[in-house]
Structures are given as structure tokens and as C-alpha cells.
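Right, one structure below, let's go through it.
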Amino acid sequence: TADAWTASLAPVGDVSFESVPERVAVYDLLSADIAVAYGNADAITSLGFDAAVGGESLSAYYERLDGVDPDWDGLAQLNSGNAGVNVDSELLYELDSDLHLIDPALVTSFDGWARDDVEAIGDAVGPWFGNNYSRRHGDPPAAWEDAYAYYTVWEVAERVAAVFRADARYEALAAVYEDLLATIEADLPPADDRPTVAMAIFIDGTFYPTAANASGYATAHVRPFGVEDAFAGEEITFETTYDYEAMLTFDPDVLLHPYGLASHYSVSDAREALSEHPIGSEITAVAEGRVYASGVPMQGPIITLFQSEMTAKQLFPDQFGEWSEYAGGPYPEIPEDERLFDRDRVAEVIRGDV
């Protein structure tokens, strides 16, 4: 029709819309955060994993934005598997969403799914529009390789803005982020004066590392600081683990623990366990009290703003102000004169006052 418009995102390419989607199936927190950013929180019909846990992680940040309080109750949980991932196609038919803000390439990596199944749902229910492998620039399933492209958080956000007719909101949020980056870059100390950083989840004496400067939006809140990764030169995969001795050899100045805010990981417990361990307590980050709760890798535009501010304070308190003694709950309240971006402006944009 004359009113139709097109949005484009690899691997699905161009998708045509005649109205703004009112029921949106979501799998990951990045997509949920984007829907919230554009004022479409009420359209969300699902999350991939436990919606209460995922919703709580997001709301930990939204708590600091006036009037931004999505209701996560009653969302469908797409992934029913405990071991591995298992999404039931019947559920997607039942949800009857007019948009799947989900990467179809990711879905075909799940057991029992083929590209035909994905295409059938796209035709019968609603189109797919998502890009998961930009998270770490991972390899998509072979059938999608030729159509794939990697994007930043902000490139995905811009392309999804087209779906929701939210270009003005996108531009306004991107401007806040540009200001934040400029603030950070203006005060960053020279490279030689920056700490070495290790990103790792700590469970029962084992460290599960992430490369701090890796490509992809999983580390979008760390890369801008140009710090030296304590694991530099190591081949890190999802299977990589380190023990206390190995971590002492890497000896980071700062240890950032992903999924540290409002999740099932308690970074205060990890800090305590490390400081009570004969080898763990010798790691510089532990000895100097610089083990911090860090953010979620699946971050959309709103979360990236908060996580970049948080990381600035954790890595460079002298330049950007101290990070609070976070011990759980929502993103800490930061005094207005110590904030690195304007909360009121962000809340205004989400509410549609662009």
C-alpha cells in the first residue's frame, strides 16, 4: 500500500511494514531494551529465558529513569530447555506476534529447527527482524553465512527504529551517547596510566573469562576505555576456564564480573570468597578492592548508557567519580553532579517527548 515502509537488517534483509507492530516476540535483552527505548514496552509478548529474571535485570537500570517501568509479568518464556536451548514452534504460533524481534539464524541453531520452519512462521505469523551473532561476531549457521553482517548496538538500534517509526527517538538517544563518549574521551588518562582489566564470571573457585576488547556489542561498555585486557594473547572460547593460580598469573588491576547487577550472581559473595582464599587474595584486583559487578552483554541503547557510565567509574574513579559499593538491587543512585549522562533527557525520549 501507499503507506507501507521498509526496514532492513541482516540476515533477513528488507522487511515491509504497513503498521507499527503491536505484538512483538523478543528473545534477548538487547531487543527488549530497544523496544522499551522506543516506547513499545507494552508490545512485548515474550522473553527467551526466565522473564522475571530478565525483566529484573533490565528494570535494575530503568529504576533510575522517571516513568520507565515496563511490566514483565505474564510474558511467555520462549526457551523451555534446562540443558541447552529448546524453543517450541507451537508457542510462536500461539503468541501470534506481528513481529519477531529475533534473529532467525539463531533460531535455526536450536534443535529441531530448519530454515523452512522459520520461514513458515515468518509467512503465517509475522516477520523476523534480529541479529544475534553481532554479540561476539560469532559464526551464524552455514545456511545464513552469505546474508550475515555484524552491527554495533547503535546500528541495530537505528535499523529497528525504522520498524517502529522511531527515528527521532533513535537520533535523540544516539546524541546522548555521543555526549557520553565525548565526556569519557576528554578525561581518559594516557594508555600507560590505565589499569589492566579482566572480565570473568566467578563460580565456585573457577573463572569463566571474556575478552574485554573483543569485537561485538557484548563488550560495548568496555572497549571505549582502551584498557589492556589481562587475558590479551589468550585464545578465549565459551569453554575456557581458569583457576586461582592462572588468575594470579594474569594478575589484573581490576576484575569486572559480567551479569553483576540484579542477577543470580552475587558479586559481594564472589568478592568475599576471593579475599578469603590464600591465592585469590593475592590477585591485585582483590587485594585492592577492585572486584566490581559489571553489566549484561546483551545490551541495547539504554543499558549501554548506564553500563558505560558504570565502567567509567569502576576503571577511573579519579576522573569520573567513585562507583558506589554495590551490593545488589537496582543500579545505584548516583548524585546528579556525578552522572555522566542526563537521565531526564533519556526518560523524556522514551516517553516520546523528542
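Charge tally around G130: other residues with Cβ under 9 Å, Lys/Arg +1 each, Asp/Glu -1 each, net -2. Full extension of the chain between E245 and D116 yields a length gain of 41.6 nm, computed as 0.36 nm times the residue separation minus the alpha carbon distance.
In percent, rounded to a whole number, the relative contact order of the chain is 20, using alpha-carbon pairs under 8 Å and six or more apart.
Enter the per residue convex hull volume of segment 127-181, computed from alpha-carbon coordinates, in Å³ rounded to the nearest integer. Don't jump to the answer; show the numbers that get you there.
Numbers: hull volume 4.5 nm³, N = 55.
About 82 Å³ per residue, rounded to a whole number.
To the nearest 0.05, what FRET efficiency results for D96 and L181 with a Förster distance of 51 Å applied to their C-beta separation? Given R0 = 51 Å and the Cβ-Cβ separation, E is 0.80. Beta-bridge orientation, the chain: approximately 45 percent antiparallel, per DSSP, counting only bridges with both partners inside. On full extension, the segment bounded by V20 and E333 gains 109.2 nm, given 0.36 nm per residue less the C-alpha separation. For a modelled paramagnetic label at D342, 7 Å from Cα along Cα-to-Cβ, the residues of segment 168-197 in reach, with backbone nitrogen under 16 Å, are 169-183.
Distance from the C-alpha centroid of segment 318-354 to that of segment 15-29: 29 Å, rounded to the whole angstrom.
Which order do peptides 332-342, 120-130 fall in by mean Cβ count within 10 Å, highest first? Don't skip to the answer; put the middle values down first.
Values: 332-342: 13.3, 120-130: 18.8.
Descending mean neighbour count gives 120-130, 332-342.
Principal axis analysis of the Cα atoms in segment 24-96 yields extents of 37, 25, 19 Å, listed in decreasing size.
Could you work out how much longer the chain between S8 and F49 gets when fully extended? Use 0.36 nm per residue separation minus the Cα distance between them, nm to one decimal. Let's see the in-between values first.
Values: separation 41, 0.36 × 41 = 14.76 nm, distance 2.64 nm.
So the extension gain works out to 12.1 nm.
Distance between the 7 Å Cα→Cβ label points at S80 and T237: 3.1 nm.
All of the numbers you see were taken from the coordinates with simple rules; none came from a lab. None of the values given here were measured: they were computed from a predicted structure. Glycine gets a Cβ as well: all are built from the backbone with ideal geometry, and neighbour counts include every protein chain shown.
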